[in-house]
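A short reminder: the numbers here are calculations on the coordinates, not readings from a lab. Computed from a predicted model, the values in this text were never measured in an experiment. Here the Cβ positions follow ideal geometry from the backbone for every residue, glycine too, while neighbour counts run over all protein chains shown.
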């Protein structure tokens with residue numbers, strides 16, 4: 001559903017090896033290429049880690065010369081543009097197409113029709129059952145192709161974005177008679193499908209729109225895949241042998257019944273053959289273990305909006321349950337694995353049943369889904385489950401975002417790491433080289449100074465570049481525990497207020513996050529962060545020692561400026577809740593040190609760099625589960641810890657004229673008898689201990705640079721190139737393409 005591309009001009013110029021040429025040409029015309037980069041809007045096609053991961057994969061697929069396409073929707077508006085007004089988040093339209101559509105190539109030759117609503121009838125004709133979908137609203141899907149260039153490669157990945165429009169003849173008669181709304185209603189109803197990324201779904205109309213978007217995406221994409229296949233092959237029988245269809249999380253899960261529909265209704269396959277083709281073609285990546293994020297749809301909604309799809313899902317489920325009965329699986333387990341439950345359709349179960357491969361996105365996450373979320377499926381189909389740890393486009397997040405560090409690395413180990421990130425490990429040779437370590441510290445300081453200038457120019461905020469920059473950039477969600485970070489900041493704030501002469505390392509805490517429009521708790525945490533920041537700005541002596549900055553409208557471009565300047569990477573989700581994380585990898589490759597829990601890819605980072613080069617705290621995933629089973633009572637921790645009581649009292653007193661009693665009650669009293677559901681208080685003491693350990697290590701600049709170097713050197717395993725090779729070799733069975741034309745040798749004078 002999303003590809004968080006960021007800006008394209010810089011990425012394409014870099015990958016094509018043209019950036020310096022263009023920079024020189026523009027200089028002759030009195031233009032600065034960096035100023036031109038700033039003109040382009042970030043593409044409003046994604047939201048968070050899921051979308052950024054998909055964008056990184058497109059880059060790696062092209063660079064590694066794998067033939068691949070991505071499919072998504074051409075949203076007129078992104079999630080929203082975040083504005084902070086009176087310390088509160090306000091959502092404004094994200095208008096990005098004014099500069100973003102320059103990269104899109106309309107393909108009117110590839111239009112397809114999508115049916116929504118209506119009714120389904122069945123009739124026997126010529127010895128076979130024919131299905132008719134009648135009285136449906138028909139929507140046209142028009143593709144716009146975005147080309148993603150590979151780095152030092154002839155490969156190009158194509159991202160096909162679908163735009164929705166009405167499939168009908170304009171009612172000119174109604175229009176001329178003044179019935180304007182009637183004449184344009186079909187247009188409006190169709191075009192709204194591709195209007196906004198993730199429309200709010202806290203009402204029935206929003207749920208229907210989201211489901212329409214998901215079906216629109218998969219139907220158009222599968223029709224496109226089939227059409228391309230039939231250009232080169234006489235039948236769809238060999239589709240699994242020459243094509244791999246991968247669904248990224250459950251948003252495209254309707255691809256399973258939709259491919260069945262196309263094979264049975266449009267191309268005349270019987271059920272067993274169609275199921276064999278579907279199951280062998282489709283694979284599924286799970287991205288979350290959060291129960292509320294495992295997508296479920298009301299069955300009546302699917303029945304009314306997608307009647308044929310509903311009947312196919314019912315039959316998929318009937319046959320699956322029968323198979324489980326024949327295997328002797330207990331009824332309780334069958335009920336748990338069923339796609340249907342209490343009037344809901346469970347899309348994760350549909351994805352597992354219909355896919356030949358299911359993977360998590362870190363070792364810990366993949367083990368969790370086998371042991372808990374999909375345990376019953378794992379006992380039946382253990383061969384389907386595997387792991388592919390996420391990765392980042394290191395050329396973008398190191399080479400493009402941090403040219404000083406990238407250039408220095410190239411000067412001491414060569415540029416091979418740009419194509420093969422595993423070569424970064426050569427840096428370990430310089431682990432005890434004082435000259436190299438001093439240069440790393442110097443580059444980080446230069447990046448901090450440049451970031452402070454960028455912040456002042458773009459927001460007016462005065463950031464101290466000689467303070468330690470401690471960053472948490474993630475979607476604002478309870479399980480990511482920005483609130484735990486804030487509790488620590490309030491402790492530091494109180495200590496300095498109580499003892500203004502206290503000798504401390506100056507530190508600036510930076511947050512970047514958007515909260516979903518209807519997510520009250522998340523928006524309150526954003527308000528709290530901004531109110532603390534506002535309070536600090538009024539006190540110069542306090543600001544010199546402790547500062548807080550909230551990055552308004554955080555996006556890819558702002559991350560590209562911030563990450564190279566950051567020294568601490570806050571990865572503090574409750575253990576067992578974060579599937580992987582990829583910001584941890586971006587910070588790591590830029591030399592920031594992780595302060596985090598044993599969660600997601602933090603586990604593999606810890607294994608890679610060793611315990612001495614990371615700051616780990618908190619309960620493990622198993623300990624979290626044990627706590628819940630034995631009973632977790634945040635009020636007991638509150639009562640026994642005077643430091644926590646002081647912090648909660650300050651929440652009630654408030655900051656910048658606003659009190660946060662609701663957040664204090666959330667931590668101690670809770671709602672529905674659950675206080676502190678993500679165990680901020682349980683992990684608080686150990687979090688402070690880890691922060692103090694980090695603070696002590698930071699005082700030794702040589703040691704800190706050494707730890708930073710180890711993190712950079714060990715980050716190669718987290719390159720998206722490696723992730724893509726894992727997918728290609730272990731799931732897709734896909735081979736690289738050879739270059740069409742050999743590069744001519746360049747004769748040197």
Report for segment 464-700 the percent antiparallel among DSSP-assigned beta bridges with both residues inside it, nearest 5. 10 percent
How high is the relative contact order of the chain, in percent, counting Cα pairs under 8 Å that sit 6 or more residues apart? 13 percent
Give me 531, 680 ranked fewest to most by other Cβ atoms within 10 Å of their Cβ, as a rough exposure proxy. 531, 680
Evaluate the distance, in nm, between pseudo-label points positioned 7 Å from the Cα of residue 733 and of residue 372 along their respective Cα→Cβ axes. 3.4 nm
Could you state the angle between the C-alpha long axis of helix 642-653 and the longest principal axis of the C-alpha atoms of the chain, as a value from 0 to 90 degrees rounded to the nearest 10? 70 degrees
If we sort 65-71, 361-367 on the protection proxy, mean other Cβ atoms within 10 Å, highest first, what's the order? 361-367, 65-71
Helix 204-232 sits off the longest principal axis of the Cα atoms of the chain, rounded to the nearest 10 on a 0 to 90 degree scale, by 70 degrees
Here are several values of Rg and Dmax of the Cα atoms in Å: [x] 26.9, 91; [y] 29.3, 97; [z] 30.2, 108. Which one was derived from the coordinates shown? [x]
By how many nm would the segment from residue 432 to residue 462 grow when fully extended, if each residue of separation counts as 0.36 nm and the alpha-carbon distance is taken off? 7.2 nm
Compute the distance in nm between two label points, each set 7 Å from the Cα along the Cα-to-Cβ direction, one at residue 18 and one at residue 331. 6.7 nm
What does DSSP give for the chain in terms of the percent of beta bridges that are antiparallel, rounded to the nearest 5? 50 percent
Which of 315, 578, 552 has the fewest other C-beta atoms within 10 Å, and how do the rest follow up to the most? 315, 552, 578
Express as a percent, rounded to the nearest 5, the fraction of DSSP beta bridges in segment 210-348 (both residues included) that run antiparallel. 55 percent
How do 458, 278, 285 rank when sorted from fewest to most other Cβ atoms within 10 Å of their own Cβ? 458, 285, 278
Past the 24 angstrom mark, what percentage of all C-alpha to C-alpha distances in segment 464-700 do you count? 43 percent
Once normalised by the length of segment 464-700, the mean sequence separation of its alpha carbon contacts under 8 Å that are 6 or more apart gives a contact order in percent of 20 percent
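Hey, with R₀ at 51 Å, roughly what FRET efficiency would residue 233 and residue 640 work out to, going by the Cβ-Cβ distance, to 0.05?
The computed FRET efficiency comes out at 0.15.
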